[in-house]
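Trainee: Dropping a structure here in structure tokens format, bear with me for questions.
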Ligand SMILES: *Cc1c(COP(=O)(O)O)cnc(C)c1O
């Protein structure tokens, strides 16, 4: 039901998440509260893993894009499901290693990795670094020389595809801070240069065309374009790159307006395109990697709030204020992202009125959403906002000196804290 199989309604007309009564969770752990269902996260990991086995004969690896939600328990779960992780900073790298993720199953990203981050990544033995510019590549080579190591790298390519939620367009020249352009020859040049470096193992190519994509076409196109690049380099140099990382970006359901593709359908469709592109160009099917973030944790998460204020502005709107806001979910103020909300303590009731759900931060733009259909709201109701597993906690802040909420993980009717609620002491920890 709703956006995720983790959600249901019980006999009390309460929302359940992973078999736990959301109203009871709010009482036991307090609000605001992030809730994440373990079963749903594991199911999503398995769908990806099984698809690689099925459509690529197991010759591939799924990396969880940890920027979507990065904490020790989530990384442990993803690791136990056989996925690797992609990390974009020293902090994510530290978290993944600390959670026990083997370094060779990590992929390091970033358009401005610092010298220290590169030393940390090479020193820890991360399996792959995705190179974004020439200075970085030369720095990795130098660090390796000093340490007596070799580092496998992939090259982040701009495949010339703009993937939008509802359409995609081919562009001659894409404007992005990430990666090497194809059409200018930049991508070819950097790979040729890498082949001359002693301490660099040229693994292959990478692209990530966007996020929350609901169409197959851009993914197919990207796979074709990367296969073409592998073939070009092979023809020019004789070196055939063995790896292709197709990034993440698979869309999930936030509201009824979203119509996501099932991940395994996507993987099957892309595998067919890739197989025929490789055959046509005379290259072998590469080892395939993907980096789903949102689609692993997004719909597995719900945020619970308590309604603390209702304000009617006649003929304009009704504001329903909750005890969190942009500090725990900045996606509305950043992108006007749409969410589905319901009242967890009367979750089967018919939605009668569109309301504006406002946070408690000192910004007029601090909203969870506008025009959100809800049943008649009363003070003390538990408001549940769905699909908040990805890019909510990971983008949360202490704006207004509001402590970050706890995160609770549910599983088959049981719950446990996986991230503690921040204390006042946490807020002043680094103040001197
Ligand atoms: C953000 C990102 C991802 C994950 O994207 P989702 O939309 O969450 O699947 C994967 N790879 C790279 C390089 C990214 O920047």
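Bear in mind these aren't lab numbers, they're just calculated from the coordinates by the rules spelled out. All figures in this text were calculated on a predicted structure; none of them were measured in a lab. Quick reminder, even Gly has a Cβ in these numbers, built from the backbone with ideal geometry, and neighbours come from all protein chains shown.
Trainee: At 222 nm, what value in deg cm²/dmol follows for the chain if DSSP H runs of at least 4 each add -39500 (n - 2.57) and the sum is divided by all its residues, to the nearest 500?
Mentor: My calculation for the chain gives -9000 deg cm²/dmol from helical runs alone.
Trainee: With labels modelled as points extended 7 Å from the Cα through the Cβ direction, what inter-label distance (nm, one decimal) is found for residue 46 paired with residue 8?
Mentor: Taking the two extended label points, one gets 1.6 nm.
Trainee: Report, in cubic angstrom per residue, the convex hull volume of the C-alpha atoms of the chain. Numbers along the way, then the final one.
Mentor: On the way: hull volume 64.6 nm³, N = 432.
So the per-residue hull volume is 150 Å³.
Trainee: Ok, one more. Between residue 379 and residue 240, what is 0.36 nm times their sequence separation minus the Cα-Cα distance? Round to one decimal in nm.
Mentor: 43.6 nm
Trainee: Compute the Cα gyration tensor for segment 38-294, then decide on rounded, prolate or oblate, letting a ≥ b ≥ c be the square roots of its eigenvalues: rounded whenever a/c is under 1.5, prolate when a/b is larger than b/c in the other cases, and oblate in all that remain.
Mentor: Cα axes put segment 38-294 in the oblate bin.
Trainee: Let's test the formula: R0 of 60 Å, r as the Cβ-Cβ distance of residue 112 and residue 352. What FRET efficiency results, to the nearest 0.05?
Mentor: 0.75
Trainee: What do you get for the angle between helix 217-237 and the principal long axis of the chain? Use alpha-carbon atoms, 0 to 90 degrees, nearest ten.
Mentor: Approximately 20 degrees, to the nearest ten.
Trainee: Subtract the Cα-Cα distance of residue 397 and residue 335 from 0.36 nm times their separation in residues, and report this length gain in nm to one decimal.
Mentor: 20.7 nm
Trainee: Of all DSSP beta bridges located in segment 282-432, what percent are antiparallel, nearest 5?
Mentor: Bridges in segment 282-432 that DSSP calls antiparallel: roughly 90 percent.
Trainee: Using only Cα atoms, locate the centre of segment 252-271 and the centre of segment 6-37, then give the distance between them in Å, rounded to an integer.
Mentor: About 26 Å separates the Cα centre of segment 252-271 from the one of segment 6-37.
Trainee: Taking R0 as 25 Å, what's the FRET efficiency between residue 256 and residue 422 from their Cβ-Cβ distance, rounded to 0.05?
Mentor: 0.15
Trainee: For the Cα atoms of the chain, what angle does the longest principal axis make with the long axis of helix 115-124, in degrees from 0 to 90, nearest 10?
Mentor: 80 degrees
Trainee: Please state the relative contact order of the chain as a whole percent: Cα pairs under 8 Å, 6+ residues apart?
Mentor: 20 percent
Trainee: If one takes the longest principal axis of the Cα atoms in the chain, at what angle in degrees, from 0 to 90 and to the nearest 10, does the Cα axis of helix 38-55 lie?
Mentor: The two axes meet at around 30 degrees.
Trainee: In what sequence do 217, 92, 11 fall when counting other Cβ within 10 Å, fewest first? Walk me through the numbers before you get to the answer.
Mentor: Working: 217 14, 92 22, 11 5.
Taking fewest neighbouring Cβ atoms as first place, the list is 11, 217, 92.
Trainee: Okay, next question. Taking 0.36 nm per intervening residue step and subtracting the Cα-Cα distance, what contour gain separates residue 76 from residue 268 on full extension?
Mentor: Working it through step by step, the gained length comes to 66.4 nm.
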